């Protein structure tokens, strides 16, 4: 017999867990699927310095575990594993998980997040969280007064390089072409920072490090020259990929796959389906903004159910 649920939350992390806290406190008895990465991409970092209420910083794994425990305290059922099929063409909605179970949901909150794009180097994976990061605003503080590198040539890369330039002694920008893809305004901001050095026509072949973390990067210039730079931090700024493919054909998405929500709400084009966190946020991508949008989604789901009582 199929399970029938008032609210199913797909995805964990700050958005999913916050949605679960609010939905469970509202008496919705939500079911949350953690997905393939329980805790979300926040767990690619270690200490979170900018989450309110933690003057000494918050351990990322502990923060996610505490959010999950808080949701469970109020009545959320948390399941490991993932939703593998979602039929959202008729309400209530039909979901299937990777254990073969079918769940019928009156409301669905999508909080599947976005995945940062990496270069695909084994050394990059080795030092992830030990100097390799995809979020300058999350981890830049740890490199105050040090030398770092930013990979990318678009607006995001320029923005992160400028941010880091205010903290770090030296910022290298590793750009694979001989021009930026960034807007003229962002290029001008980079040019105005004396401690940013742009390394044109370069690709990274290896992230260098030791048992303590990143120590540098090995680059290959277009002309074949190989050289090393010494850095303590290696930041990727080559884009994110929203994890929204499961909902294609039902939920409106933009050209890059981010879910489109109605202005000022978490509502999607399908009534009863809501989106929260990085799967719909291409601009901020912070733990606190993801948590806030999770709150919005739960409140919207609660109101929807109140308006559609049978």
The range 118-236: spread of alpha-carbon positions along the three principal axes, whole Å, largest first, is 39, 34, 21
Between the range 89-138 and the range 1-56, what is the C-alpha centre distance in whole Å? 12 Å
Helix 155-165 vs. the chain, principal-axis angle (Cα, 0 to 90°, nearest 10): 60 degrees
At 7 Å along Cα-to-Cβ for each site, give me the label-to-label distance between residue 255 and residue 144 in nm. 4.0 nm
With a 10 Å cut-off between alpha carbons and a GNM built on the chain, which of 209, 239, 57 moves the most? 57
Under 10 Å, Cα contacts only: if you run a Gaussian network model on the chain, which one of 41, 262, 187 comes out with the highest mean-square fluctuation? 262
Measure off 7 Å from each Cα along the Cα-to-Cβ vector at residue 50 and residue 102, then give the distance between these two points in nanometres to one decimal. 4.6 nm
Nearest 10 degrees is fine. How inclined is helix 13-25 to the longest principal axis of the chain, computing both from alpha carbons? 20 degrees
Cα extents of the range 1-73 along the three principal axes, largest first (Å): 47, 25, 15
Could you order peptides 14-25, 277-288, 247-258 by the average number of other Cβ atoms within 10 Å of their residues, highest first? 14-25, 277-288, 247-258
Please find, in a Gaussian network model of the chain (springs between Cα atoms separated by less than 10 Å), the residue of 157, 212, 58 whose mean-square fluctuation is greatest. 212
Among (i) 28.4; (ii) 22.3; (iii) 17.4, the entry that matches mean projected area of the Cα convex hull in nm² as calculated here: (iii)
How big is the antiparallel share of DSSP beta bridges in the chain, given as a percent to the nearest 5? 50 percent
Of the beta bridges DSSP finds with both residues in the range 118-236, what % are antiparallel, to the nearest 5? 45 percent
Give the angle, between 0 and 90 degrees and rounded to the nearest 10, that separates the Cα long axis of helix 287-307 from the longest principal axis of the Cα atoms of the chain. 20 degrees
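Coordinate-derived values only; no laboratory data. Since the model is a prediction, treat every value here as computed from it, not as a measurement. All Cβ positions, even for glycine, are placed from backbone atoms using ideal geometry, and neighbour counts span all protein chains on display.
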